[in-house]
Amino acid sequence: MRNNIFYLHPAKCGGSSVASCLRELDLPCLFASQISLDDATVEALTSSEKTIFHGHITDLPTPLTHDERRIYSDILRILYYESDLIVPTRNPSNLLQSWMHYTKTRATRILDSILDSRQMILNSKEIVFLYKISQLRQKCAIFNEYGVLISKGEDFPIFGLSEKDEEENLNIYIDFLASNKYFLPELCSMQFQAFRLKWRDLSHAILKKHKYLIKPPLSSGSRQILYYDCEKINESHQKAIDNMTCEGFSRRLSCKRENQSFSKPGIKGCEFSSVNKKLKRLVPGEWALYAQSEVV
């Protein structure tokens, strides 16, 4: 009898904390960023011994040979269609807000590194981070339409976002992400991982502003699927998580807080009706997944 678990890792849904707990408790795990595309990995996933697979599915190695492509397909099939599944979720408006403040934090670090430099030599990832925050309301820097820094503001290098501008900035950030296919995985963190095998069709529909319908996977006689809200794990979900992993895992997870952004606002994204409304229109699939975590 197969006993493997796919612990999904949607970005900004507590995945780093999950990984930390898995390592601390020394559970039998396979991490996406550390596996090899070989038959031994498939054997581990099909063994009767409990194995927890965790990580961003995009961290799997890129298959280069015919055999690696076969094994890669087998791994995806086993994970998405044959494994028990644990899916951390988060209110989509709060998740989007977390992305914005994460980007703000990274931008501050980038700007701080060039504080005393007359010539800015940035790598492509740094340029992308600055581009993503260039349209937000702030007093740190002025950028041109391509996200290139052209002037330093009074707050430089601290890319601070005023709480009074939070709603406006969230709407600006949503519009920016929705207009560029390369940034859709931020707008759709949960769908990007949970429906990775259907992502091409989903992203096309979102960019074209077409309606689309998704059916979140649900438990059946052959597999167990658990959704939970990573911001507030209720007692029922705590017990279910512990049953699927080990006793005390959920308690340890609730105490973890990895990858915190600085100067987070006191008000949550879900408190802005305009943000909720826009996200429900643009990415209804995110709300469909989140709704499953409300089922006890």
If each of LYS181 and ASN123 carries a label point 7 Å out from its Cα toward its Cβ, how far apart are those two points in nm? 2.6 nm
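Suppose a student asked you for the relative contact order of the chain, using Cα pairs under 8 Å spaced at least 6 residues apart; what percent would you report? Write down the numbers at each step before the final one.
Numbers: 414 pairs, mean separation 71.1, N = 296.
With pairs under 8 Å counted, the relative contact order is 24 percent.
By per-residue mean of other Cβ atoms within 10 Å, what is the highest-first order of 100-107, 54-61? Kindly include the intermediate steps, with their values, before the conclusion.
Numbers: 100-107: 21.5, 54-61: 18.1.
Result, highest mean Cβ count within 10 Å first: 100-107, 54-61.
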Which net charge results for the neighbourhood of TYR290, defined as the other residues with beta-carbon distances under 10 angstrom from its beta-carbon, given Lys and Arg at +1 and Asp and Glu at -1? -2
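Out of the total accessible area of the chain (probe 1.4 Å, heavy atoms of protein only), what percent is carbon and sulfur? Don't skip to the end; give the middle numbers.
Numbers: 7470 of 15300 Å².
The value for the chain is 49 percent carbon and sulfur by accessible area.
Please give the FRET efficiency for LEU213 paired with ASN234, using the beta carbon to beta carbon distance and R0 = 35 Å, rounded to the nearest 0.05. Kindly include the intermediate steps, with their values, before the conclusion.
Values: r = 28 Å, r/R0 = 0.79.
Once the sixth-power term is evaluated, E becomes 0.80.
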The stretch 266-289 to the stretch 66-87: how many Å between their Cα centroids? 31 Å
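Please work out whether the stretch 224-296 counts as rounded, prolate or oblate from its C-alpha gyration tensor, where a ≥ b ≥ c are the square roots of the eigenvalues and a/c under 1.5 means rounded, while otherwise a/b larger than b/c means prolate and anything else oblate? The partial results should precede the final answer.
Values: a/c = 2.88, a/b = 1.42, b/c = 2.03.
In terms of gyration-tensor shape, oblate.
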Only Cα pairs under 8 Å and at least 6 apart count here; give the relative contact order of the stretch 140-248 as a rounded whole percent. 11 percent
If R0 is 35 Å, what FRET efficiency do you get for ASP242 and SER273 from their C-beta distance, rounded to 0.05? 0.45
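Largest first, how would GLU145, GLU168 line up by accessible area (1.4 Å probe)?
On the way: GLU145 140, GLU168 90 Å².
Highest to lowest solvent-accessible surface, that is GLU145, GLU168.
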The chain - mean residue ellipticity at 222 nm from DSSP helices (-39,500 (n - 2.57) per run, n ≥ 4, rounded to 500): -12500 deg cm²/dmol
For the charge dipole of the chain, defined by +1 on Lys and Arg C-beta atoms and -1 on Asp and Glu C-beta atoms about the Cα centroid, which residue among LEU27, LEU96, LEU111 has the Cα displaced farthest towards the positive pole? LEU96
On average, how much area does the Cα convex hull of the stretch 143-296 cover when viewed from any direction, in nm²? 12.1 nm²
Relative packing of 224-232, 152-160, which averages over residues the other C-beta atoms within 10 Å, highest first: 224-232, 152-160
Projecting each Cα onto the charge dipole of the chain (Lys/Arg +1, Asp/Glu -1 at the beta carbon, about the Cα centre), which of SER189, ILE206, GLY160 comes out farthest on the positive side? ILE206
Only Lys, Arg, Asp and Glu count, each charged at its Cβ (+1, +1, -1, -1), so figure out the dipole size of the chain about its Cα centre, rounded to 20 debye. 840 debye
Would you mind telling me the antiparallel percentage of the DSSP bridges in the chain, rounded to 5? 15 percent
Evaluate E = 1/(1 + (r/R0)^6) for ARG70 and ALA291, where r is the Cβ-Cβ distance and R0 equals 25 Å; express this FRET efficiency to the nearest 0.05. 0.10
First check a/c for the chain, with a ≥ b ≥ c the square roots of the eigenvalues of its C-alpha gyration tensor; if it is under 1.5, answer rounded, and if not, answer prolate when a/b is larger than b/c or oblate otherwise. prolate
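Around ASN169, what is the net charge, scoring Lys/Arg as +1 and Asp/Glu as -1 over all other residues with Cβ under 15 Å from its Cβ?
With Lys, Arg at +1 and Asp, Glu at -1, the net is -1.
Within the stretch 30-86, list the GluC sites (Glu not before Pro) lying in a DSSP loop whose Cβ has at most 14 other Cβ atoms in a 10 Å radius.
On the way: sites: GLU43, GLU49, GLU68, GLU82; in loops: GLU49.
When the GluC sites (Glu not before Pro) of the stretch 30-86 are filtered for loop state and at most 14 Cβ neighbours within 10 Å, GLU49 remain.
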Unsatisfied cross-links (Cα-Cα over 21 Å) in the set LYS139/LYS277; LYS211/LYS277; LYS181/LYS268; LYS104/LYS164; LYS12/LYS139; LYS12/LYS181: LYS139/LYS277; LYS181/LYS268; LYS12/LYS139
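The values are calculated or read from the model by the stated rules, or taken from the named source; none is laboratory data. Since we're looking at a predicted model, the values are computed, not measured. All Cβ positions, glycine included, derive from the backbone under ideal geometry; neighbour counts span all protein chains shown. These accessible areas exclude ligands, DNA and RNA; they are computed on the full protein's heavy atoms, side chains included. Shrake-Rupley method; radii C 1.70, N 1.55, O 1.52, S 1.80 Å.
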